[in-house]
Amino acid sequence: MKAKPKRLNLTKTKIDAFKYEGDGSTRDVRWDTNETGLGVRVYPPSENGRSKKSFVLSYRIGGVKKLMTLGEYGPITLDKARRDATKKKAEIIDGNDPLGERKQQARAGTVSDLCDLYLERVQKKTIDEDERRIDKHI
């Protein structure tokens, strides 16, 4: 049986007190009652005994459920996470997929692009040799 999602009015005090409540194989997310789709994911404790916490946004696009990390709690405040979640949800309503776009940007660069960029910046006296090596080995 699946556990019921934890929903509460997120506050800094509550987030600071969160401890990981999973078995190591499940996600531990506490969902905000004020901002639909916004949650705090609590990770298992590291060697120093502290649990990392990140803000996440859950949404559906094209019938597919997605979970996007907005950023780590601490560097990002609860207020900023709520503002970011509102902006991302507006993008989703407009038909954009912010997580899909992030993944696409991460895959955008290729080795060929990197080689072209290198050849643009290399010293002109070594360019012939560099091009030969790239063509032969890459």
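Observations on the structure shown:
- Candidates Ala17, Ala90, Ala81: whichever shows maximal mean-square fluctuation once the chain is modelled as a Gaussian network with Cα springs under 10 Å: Ala17
- In the chain, the DSSP-assigned H stretches of four residues or longer account for a calculated mean residue ellipticity at 222 nm of -12000 deg cm²/dmol, using -39500 (n - 2.57) per stretch and the full residue count as denominator.
- Per residue, the accessible area of the chain comes to 72 Å², computed with a 1.4 Å probe over protein heavy atoms only.
- Calculated P(r) tail over 18 Å for the chain, as whole % of Cα pairs: 66 percent
- Stretch gain in nm, segment Leu8-Val29, where the contour uses 0.36 nm per residue and the Cα spacing is subtracted: 6.5 nm
- Lysines with Cα under 29 Å of Lys19, excluding same-chain neighbours fewer than 8 positions away: Lys2, Lys4, Lys6, Lys52, Lys53, Lys65, Lys66, Lys80, Lys87, Lys88, Lys89
- GNM top mover of Thr13, Thr110, Thr86 - the chain, alpha-carbon springs below 10 Å: Thr110
- The range 1-107, accessible surface, carbon-and-sulfur percent (1.4 angstrom probe): 49 percent
- Here is the list for the range 23-111: trypsin sites (Lys or Arg not before Pro) lying in DSSP coil, each with at most 14 other C-beta atoms within 10 angstrom of its C-beta, are Arg27, Arg50, Lys52.
The values are calculated or read from the model by the stated rules, or taken from the named source; none is laboratory data. For clarity, every value in this text was computed on a predicted model and none was experimentally measured. Heads up, the Cβs are rebuilt from the backbone with ideal geometry, glycines too, and the neighbour counts pull from every protein chain shown. Each accessible area value is taken on the protein alone, full model and side chains, heavy atoms only, with ligands, DNA and RNA left out. Shrake-Rupley method; radii C 1.70, N 1.55, O 1.52, S 1.80 Å.
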